[in-house]
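I have placed the structure first, in the form of structure tokens, so that the comments after it can refer back to it.
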Amino acid sequence: MLFPTVTFAIFFLIVLPLNWLTMHNPRNWRIMMLVASYLFYAWWDPWFVLLLAGSTLFNQLIAVRIFKAEAPRARKALLWVGIAGNLAFLGWFKYWNFFASSAQNAAHTLGIQLDPGFVSTVLPIGISFYTFMALSYIIDTWRGTYEPVSLSRFAVFLSFFPHLVAGPIVRPAELIPQFDNPPDPREVDATRGFALILGGLFLKVVLASTCAKLVDPVFGSPKLHSAPETLLAIYAYAVQIFSDFAGYSTIAIGVALLLGFRFPDNFNSPYRATSVQDFWRRWHMTLSRWLRDYLYIPLGGNRGSQFETERNLMLTMVIGGLWHGANWTFLFWGALHGTALIVERLARGRREARGKPPMAKWLAWLITFNFVCFAWIFFRADSFGQALSVIEQVFTGWGVPSTGITLGVVAAVATGLGIQFLPVNFWSDVQARLSRFPFYAQGAAAGVVLMVINALGPAGVAPFIYFQF
Amino acid sequence: MDEHGLPEQDPRRRTMPAGHVLLAVFIGLVVASLLNAQGMHKQALSQGPGVGREIAGTLTAGLAGVSGIFQLDEPRILLKAALGRSGDDKLVGKLAISASKPKVPVATTKPVFSATHPMRLYLTGDSLITDPGPTLLDKISNNPAIKPVSTTDAHAATGLVQPEIFNWFDYLPKQIKALKPDVTVATFGANDGLGFTGVAGAEEFGSAAWLAEYRRRVSGVMDEMTAGGGRVVFLGLPIPRDPGLARRWQQMNEIQQSEAAKRAGLVVWVDLFKKLADKNGHYSDYLPDSSGQQQLARSSDGIHYEPQGATVVADAIIEAINQLVTVPGLGPVTPTPAAG
């Protein structure tokens, strides 16, 4: 079930009152929410629900066993079983074909025949998100920072429909306590919820879909497009991927708010970052946090030698890249960011050692933004060949008519970048003002905005890009 | 931020009771539904077959009626007009196949093109042309004897069964007349595995009446594309992952293939079941490239194409073009090692 659809609107109209009616009885609420979330997920494919339920049972079993085990070795062994189980589950569905084809191709190059076989199955939507959340649960239990909860609580935590298919990646300690301390039904932070849902829809339906109108043909056949079109398509993709993913996250946070639950923020104007490190503190913040706490720090973080720190950074970013998809281009995208983080770290160290002032902010922003956009080329391209064709076209495609540059795409790119530079409190000020209007006025206004968003969006809004991750 | 790093509520923002939240959501959706009724009705009809489509179609038809009576659809109409997209919500209920009497011509000579007299190429159809189109255009981009007359003209979620969603019989003659292609590459059918509704009467997919009507439409669309003397590469439906869908598509492929055969020399039908199957004739996500390396060919839905799949289709199109016309520099394509 996609958020920007009539089906979801009907689903939500049923779940919203049930949520508040059962809230006073946590057990009934959990049953209701579990059924609703599984129904939401089953809308794509009922088979997915079995996988989700299987993952839930496996991780609950591991977490309880870790908690009950007293010997450190047994706890550690169980942790590794849990990690291996989750990675095998993810690997089978998401990475098997990638590794099988890579191995087969490497063998073919060496003149060896290898046939590992391919899996012909649909990638379950959101598998990377809920697998990472499940890993948080068992690792936190092993660390002793979180005690396992009942199966029903964990099942609702993992399947809670607002975050189920594309995050934010929520930690057990952030969400499960909210299940046990139900919000006050007399005080719902609804205006913010409405604003986030409408804002997210605008990002997805209007900005992301409009940018796709240029991005798709340019990346599809780079040689047929001029250099200005290609350049604009690269920037348009930066806006598209932000609008698509931040749009989904924003809707998810808004939907959860209307149900009375708070999620962590996932984006904070990433294109105003003045360094790559700053970018990762603003982009997909819940994934960055996850990678930092469950990968980078356990690898040693920055506690070892300079080489070890750089190795940890690179490994974290490469694995983060691969998390996005089973393709060498994603891995390379991660490596590009890892390299940039290392270079930044070295440059900052040298600058500080020489007592030099930091780089001018505008210059730092310009370099960071263009680096991020450059790296997005590899993220978007289906292959290295396509990425290189796009880059080549920027240098060679001059003097060709630019028929793909439309006012709509230019306006979408300008809007998508412009909103990154709004004052920090702009949206909270707007929401505070809107909250003074009566509920019926807020509802009617939301209806009008929905109409405008729907009318502005091009026909055939594509599914969210991040669903495939 | 609280102790868990979660954003805290801004004290300046007023809250509301859950009952008011529900009412506000309800009011918002009702207002949006009335203002967007036309678009919703069109969207409801573009769904796949089933009870959901029937219910949604009926409900939104009523909604559009109410909206029209009170002129609540005017803001959307005005906004769409201002954006130059007045036709977005248009529902076409009448199917006019102008080439009602198939000419069944047989072309005896192959047109010859050159750099001074380039072949005008037009690529169109549903979403299955979206990926192979640009791949083909990229492959031929350095050939001066071929002149693409537009970028890939794809209309996702359309077909020959639901002209009320997008009427190819209205659209194609205008495009052919305006663009004057020498060769049109077209694909239809991916969204046609459903029953006819509306003017053609309610016919379940696969019935004798359905097959006859579908044949009439395939025949009509082929005639529309060849009406100006151009040739047509008609792409068959590719082998899909879902066996049930495969059975439906095979029925439709048989109709397409036999209609193309009646227009030998003018229309070539491309068998993408065979081209996109693995060495055992089965569906596969992966197919070997020209060097024998396994590459991802099909997208996660088991229908659309990833780059290798698009390459296989583009190569098949080049082969088909070579059967219809003579274009220098458009040489035969090296077959992939294991693909059919």
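The values are calculated or read from the model by the stated rules, or taken from the named source; none is laboratory data. Keep in mind that this is a model prediction, so the values were computed, not measured. Counting neighbours? That spans all protein chains shown, and the Cβs are built from the backbone with ideal geometry, glycine included.
Residues checked against (1) basic (Lys, Arg); (2) modelled with pLDDT of 75 or more; (3) more than 18 Å from the chain's Cα centre (by Cα):
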position	(1), (2), (3)
B:51	no, no, yes
B:60	no, yes, yes
B:91	no, no, no
B:111	no, yes, yes
TODO: Taking the options B:83, B:79, name whichever one is surrounded by fewer than 17 Cβ atoms within 10 Å (Cβ to Cβ), modelled with pLDDT under 85, at the interface with another protein chain (Cβ under 10 Å from one of its Cβ atoms) and within 30 Å of residue A:445 (Cβ to Cβ).
DONE: B:83
Open item on the list: Filter the range B:238-284 down to the residues that are touching a Ser or Thr at 6+ places or on another chain (Cβ under 8 Å), crowded, with 18+ Cβ neighbours inside 10 Å and more than 14 Å from every other protein chain (Cβ to nearest Cβ) and list them by number.
Closed with: B:259, B:263, B:266, B:267
TODO: Go through (1) at pLDDT 90 or above; (2) surrounded by 17 or more Cβ atoms within 10 Å (Cβ to Cβ); (3) among the charged types (D, E, K, R) and name the single condition residue B:180 misses.
DONE: (2)
TODO: Go through the range A:385-407 and give me each residue that's within 24 Å of residue A:207 (Cβ to Cβ), facing another protein chain (nearest Cβ under 9 Å) and surrounded by 17 or more Cβ atoms within 10 Å (Cβ to Cβ).
DONE: A:386, A:404
- [ ] Can you work out which of the residues in the range B:148-170 that are away from every other protein chain (no Cβ under 12 Å) and over 13 Å from the mean Cα position of the chain (by Cα) is farthest from residue B:314 (Cα to Cα)?
- [x] B:164
Open item on the list: Checking residue A:66 against (1) crowded, with 17+ Cβ neighbours inside 10 Å; (2) outside any helix (DSSP H, G or I), only one condition comes out false. Which one?
Closed with: (2)
Task: the range A:415-458 - residue that is assigned to a loop (DSSP other than H, G, I, E, B) and under 19 Å from residue A:205 (Cβ atoms) and, of those, nearest to the other protein chains (Cβ to nearest Cβ) - done: A:458
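Results for (1) farther than 14 Å from residue A:161 by Cα; (2) among the hydrophobic types (A, V, I, L, M, F, W, C); (3) surrounded by fewer than 16 Cβ atoms within 10 Å (Cβ to Cβ), shown as yes or no for each residue.
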residue: A:16; (1), (2), (3): no, yes, no
residue: A:21; (1), (2), (3): yes, yes, yes
residue: A:25; (1), (2), (3): yes, no, yes
residue: A:34; (1), (2), (3): no, yes, no
residue: A:39; (1), (2), (3): no, yes, no
residue: A:45; (1), (2), (3): yes, no, yes
residue: A:51; (1), (2), (3): yes, yes, no
residue: A:54; (1), (2), (3): yes, no, yes
residue: A:59; (1), (2), (3): yes, no, no
Open item on the list: Is it the case, given these coordinates, that residue B:224 is of a type in the set (Asp, Glu), in the same structural domain as residue B:125 (by TED's automatic domain parsing) and under 19 Å from the mean Cα position of the chain (by Cα)?
Closed with: yes
Open item on the list: For the range B:136-174, which positions are under 30 Å from residue A:385 (Cβ atoms), without any contact (Cβ under 8 Å) to a residue 60 or more places away in the chain and hydrophobic (A, V, I, L, M, F, W, C)?
Closed with: B:137, B:149, B:154, B:156
Open item on the list: So if I check each of A:279, A:261, A:245, A:219, which one is more than 18 Å from residue A:375 (Cα to Cα) and touching a Phe, Trp or Tyr at 6+ places or on another chain (Cβ under 9 Å)?
Closed with: A:261
- [ ] Of all residues in the range A:9-47, count the ones that are within 24 Å of residue A:244 (Cα to Cα) and either assigned by TED's automatic domain parsing to the domain that holds residue A:261 or of a type in the set (Gly, Ala, Ser) (or both).
- [x] 3
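Among A:73, A:65, which is the only one that is without any contact (Cβ under 8 Å) to a residue 40 or more places away in the chain, of a type in the set (D, E, K, R) and within 29 Å of residue A:161 (Cβ to Cβ)?
Result: A:65 is the single residue among A:73, A:65 that is without any contact (Cβ under 8 Å) to a residue 40 or more places away in the chain, of a type in the set (D, E, K, R) and within 29 Å of residue A:161 (Cβ to Cβ).
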TODO: List every residue pair whose Cβ atoms sit under 6 Å apart, with the two residues 6 or more apart in sequence or on different chains, where the first one lies in the range A:427-453 and is assigned by TED's automatic domain parsing to the domain that holds residue A:254 and crowded, with 18+ Cβ neighbours inside 10 Å and the second, anywhere, is outside any helix (DSSP H, G or I) and among the hydrophobic types (A, V, I, L, M, F, W, C).
DONE: A:439/B:16
Open item on the list: Restricting to the range B:110-150, name every residue that is in contact with a helix residue (DSSP H, G or I) (Cβ under 8 Å, 6 or more places away or on another chain), hydroxyl-bearing (Ser, Thr, Tyr) and surrounded by fewer than 19 Cβ atoms within 10 Å (Cβ to Cβ).
Closed with: B:141, B:150
TODO: Evaluate the range A:236-258: report whether one residue or more is under 18 Å from the mean Cα position of the chain (by Cα) and free of Cβ contacts under 8 Å to residues at least 24 places away in the same chain.
DONE: no
Task: Of all residues in the range B:290-305 being part of a loop (DSSP other than H, G, I, E, B) and in contact with a helix residue (DSSP H, G or I) (Cβ under 6 Å, 6 or more places away or on another chain), the one that is nearest to residue B:240 (Cα to Cα) - done: B:297
Open item on the list: List the helices (runs of 4 or more DSSP H) inside the range A:122-200, counting only whole elements, that have at least 2 residues being more than 14 Å from chain B (Cβ to nearest Cβ), in contact (Cβ under 8 Å) with a residue 60 or more places away in the chain and touching a Lys or Arg at 6+ places or on another chain (Cβ under 7 Å).
Closed with: A:151-159
TODO: Determine, yes or no, whether residue B:159 is more than 20 Å from residue A:382 (Cβ to Cβ), in contact with a helix residue (DSSP H, G or I) (Cβ under 7 Å, 6 or more places away or on another chain) and in the same structural domain as residue B:313 (by TED's automatic domain parsing).
DONE: no
Open item on the list: I'd like the residue in the range A:216-235 that is within 21 Å of residue A:245 (Cβ to Cβ) and at pLDDT 90 or above and, out of all such residues, is farthest from the other protein chains (Cβ to nearest Cβ).
Closed with: A:235
